[in-house]
Amino acid sequence: MLLLANISAVVQDLIMRLQIHKKLNRHTGCVNTVGFNADGDTLISGSDDQLVMLWDWDTGAVKLQFHSGHADNVFQARFMPYTDDRTIVTCAADGEVRIAKIQDGGDVPTSLLGEHDGRAHKLAIEPGSPYIFYSCGEDGLVQHFDLRTDTATKLFICRNSFTKPGYSSHIHLNAIAMDPRNPNLLGVGGSNSFARVYDIRKYKWDGSSDFGHPSDCYCPPHLINTRSPGVGITGLAFSHQSELLVSYNDENIYLFPKNGGLGPDPKSSVKIEGNQGSKSTMAAFDEDTVRPAPQVYVGHRNCETVKGVTFIGPNHEYVASGSDCGRLFIWRKRDGNFLRAMEGDECIVNCIEPHPHAMTIASSGIDNDVKLWTPSAMERARVLNVEELKPRKRKAKLWHFALPEQLVWHVLTSRRRQQGAGEDSSEDLEDNTELLNLVLQAADRDNSSDDSDEDKEISDGSED
C-alpha cells in the first residue's frame, strides 16, 4: 500500500508540472482527432482539411501526410495494432469509414470500407487485433469491420426505448468504446442520456438473432427520466478496471463502477415517480438492488461541440476532458477532486489523448494545431478550487452550426438553459413550429456575423 501511495504521489506531481512542450502547426482546419502509436514515438492527427498527418511529436517534424480520401472533416484516425503503423483507419463527416495503407515508397492509397447515413464520429479498435474494429454514426448504426476480408457487417441500430410514437427512435451516436479487460463488451452513447453496453458474443453472424438490445445501460439517477432537450453523451471511455466514464453535453462527467448499470431494460429496472409538470423525479430501484452512485466530475463546460473524455496515469488514476473555455481539466478519479485547468486552445478543446507509456498528453480542438504537454515545469502548479477559475477571453470563430443537427442541438441546449425553475418541464419542446422558429432565429444570428467576427474576443468561463 505504501508503494502504491508513493507511485500515486509521483504521478500527481507530474500532472502538476505539465506544460506545453510543442505545438504542431501544419493543419489548416480544426484538429478533430489525435492519437499515439503503440510505441509512443509517433502521433497521428486528422483535421477539417481532410488530411491525416503522422508526427515525430517530440521534435515537431511531420513524418508523413496524406489526403484521407474523405470528402469532409476527418473525425477520427487510428493506427491498427501490430501493423508496423502502416495500416490506418479513419471516419469522417461524410459518413465514410476508410482504410489507408502506407507503402514502402511513401505512397498512401486509401479505400472505402463502409458508410453511415450521416456523420461517422468514432471508431473502436479491438485491443490487440490488427484486423477488427467498429464504427458508430449519427444514423444510430454500429458496424463491425474485419480487415482480413475488408467487409463491413451492420450489427444493429441503437434505438431509444423511451421514444414517443411518431418520432424517430434511432439515437445519433457520438461515441463508441471497448472494454480493454473484456473486448466482448462494446459501449456506445449519443443523443440521449443512456450509455449502452453490448456483448458481441450474443451476436449471431448468420443474422438469425436480434442483436439490438444492450446487455446493460448506464445513467445518472437524475437523468434517467429527463425530458431536458440537448442532454446527451459526447464521450465514453473504459478504464483498466472496466469502469465506464461518460461525458454528457450540457452536464457533467460520471464514472460508473464495473457492473454498476441499470440492466438491459432501464424502463423495467427503474420506477420513476414525480408530479406531472414538476422537474423533480425520484429513481426507485428494486429493493434488493443496491447501486452505488456514480462519481461525478464538475467544473468544465461541454455545451458547444462533441468532446471526448479519457483516463490518464499508469493505472487510470485521473480523468481528463477538454472544455468550451479552451482549458484542459484534470480530476482525481477516486474522489472527483479537481486538480488542474490548463490553458489550452484559444477556442475549444475537444480531444485529449494520453501517451501509452509516459506522462505526456496530446490535445486539440477548434484551433488548427496540436499541443503536446509534458511534465517539464520547474515548479508545481498551484491546486485551485473550481470556483477560483477566472473567465477566459477566447476568440469567436464561425465554426458553429456546420450541419442542421448541430444547430438543432445548440438551440435545444440553449432552450433548456432558458427555462426557469418554475416552468413546466413536461411541456413538449419538440413542437415543430416552435423549434423551427428557434432554429431560424439562431441561424439569422449566426449568419449576421461576418469574417471580421473571428477577431472579436468573447468571455467564456469554465463554470456553468
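Could you work out how much longer the chain between ASP39 and GLU346 gets when fully extended? Use 0.36 nm per residue separation minus the Cα distance between them, nm to one decimal. Numbers along the way, then the final one.
Working: separation 307, 0.36 × 307 = 110.52 nm, distance 3.04 nm.
Fully extending the segment from ASP39 to GLU346 adds 107.5 nm.
Using 0.36 nm per residue of separation minus the Cα-Cα distance, give me the extension gain between HIS213 and ASN184 in nm, one decimal. Each step should come with its number before you reach the end.
Details: separation 29, 0.36 × 29 = 10.44 nm, distance 1.47 nm.
Result for the pair: 9.0 nm of gain on full extension.
At a Förster radius of 56 Å, what calculated FRET efficiency corresponds to the Cβ-Cβ distance of VAL298 and ASP150, to the nearest 0.05?
Working: r = 44 Å, r/R0 = 0.79.
Once rounded, the FRET efficiency stands at 0.80.
Run the simple label-point estimate for GLN241 and GLN19 please: 7 Å along Cα→C-beta, distance reported in nm.
Going by the 7 Å Cα→Cβ label model, 3.3 nm.
Using only the heavy atoms of the protein chains and a 1.4 Å probe, how would TYR82, TYR318, TYR218 rank by accessible area, largest first? Can you show the working numbers first?
Values: TYR82 190, TYR318 0, TYR218 20 Å².
In descending accessible area the options line up as TYR82, TYR218, TYR318.
Quote the accessible area belonging to GLU343 in square angstrom, nearest 10, computed with a 1.4 Å probe and with ligands, DNA and RNA left uncounted.
Around 90 Å² of this residue is reachable by solvent.
Using only the Cα atoms of the stretch 70-146, build the gyration tensor, take square roots of its eigenvalues as a ≥ b ≥ c, and label the shape rounded, prolate or oblate: rounded if a/c is under 1.5, else prolate if a/b is larger than b/c, else oblate. Can you show the working numbers first?
Working: a/c = 2.45, a/b = 1.39, b/c = 1.77.
Oblate is the answer for the stretch 70-146, as a/c is 1.5 or above yet b/c matches or exceeds a/b.
Using a probe of 1.4 angstrom, how much of the accessible area of the stretch 1-388 is carbon and sulfur, in percent? Write down the numbers at each step before the final one.
Working: 7580 of 16050 Å².
Within the stretch 1-388, the accessible surface is 47 percent carbon and sulfur.
Can you tell me the FRET efficiency between LYS204 and LEU64 if r is taken as the Cβ-Cβ distance and R0 is 60 Å, rounded to the nearest 0.05? Before the final figure, lay out each step's value.
On the way: r = 41 Å, r/R0 = 0.68.
Step by step, r from the Cβ atoms, then E = 0.90.
Please list the non-local residues whose amide H lies under 5 Å from the amide H of THR310, H modeled 1.01 Å from N, same-chain partners needing a gap of 5 or more.
Answer set, sorted by chain and number: ALA320.
Assuming a ≥ b ≥ c are the square roots of the Cα gyration tensor eigenvalues, decide whether the stretch 1-388 counts as rounded (a/c under 1.5), prolate (otherwise, with a/b larger than b/c) or oblate.
Values: a/c = 1.66, a/b = 1.13, b/c = 1.47.
It comes out oblate by the Cα gyration axes.
Tell me the per residue accessible area of the stretch 1-388 using a 1.4 Å probe; a whole number in Å² is fine. Don't jump to the answer; show the numbers that get you there.
Working: 16050 Å² over 388 residues.
Normalised by residue count, the accessible surface of the stretch 1-388 is 41 Å².
Please give, to one decimal in nm, the separation of the simple spin-label points placed at LYS101 and ASP265, each 7 Å out from Cα toward the Cβ.
4.6
Give me the distance between the Cα centres of the stretch 111-162 and the stretch 301-377, rounded to whole Å.
Result: 26 Å between the Cα centres.
What is the extension gain from SER129 to GLU388, computed as 0.36 nm multiplied by their sequence separation minus the C-alpha to C-alpha distance, in nm to one decimal? Don't skip to the end; give the middle numbers.
Values: separation 259, 0.36 × 259 = 93.24 nm, distance 4.50 nm.
Gain on stretching SER129 to GLU388: 88.7 nm.
Considering only protein heavy atoms, with the full assembly of protein chains and a 1.4 angstrom probe, order ARG26, ARG86, ARG148, ARG98 by accessible area, largest first. Before the final figure, lay out the partial values.
Details: ARG26 125, ARG86 85, ARG148 145, ARG98 30 Å².
Result, largest first: ARG148, ARG26, ARG86, ARG98.
The values are calculated or read from the model by the stated rules, or taken from the named source; none is laboratory data. If you're wondering where the values come from, they're calculated on a predicted model, not measured in any experiment. Cβ coordinates were reconstructed from backbone atoms using ideal geometry, including for glycine residues, and neighbour counts include every protein chain displayed. Only protein heavy atoms, including side chains, enter the accessible area calculation; ligands, DNA and RNA are left aside. Shrake-Rupley method; radii C 1.70, N 1.55, O 1.52, S 1.80 Å.
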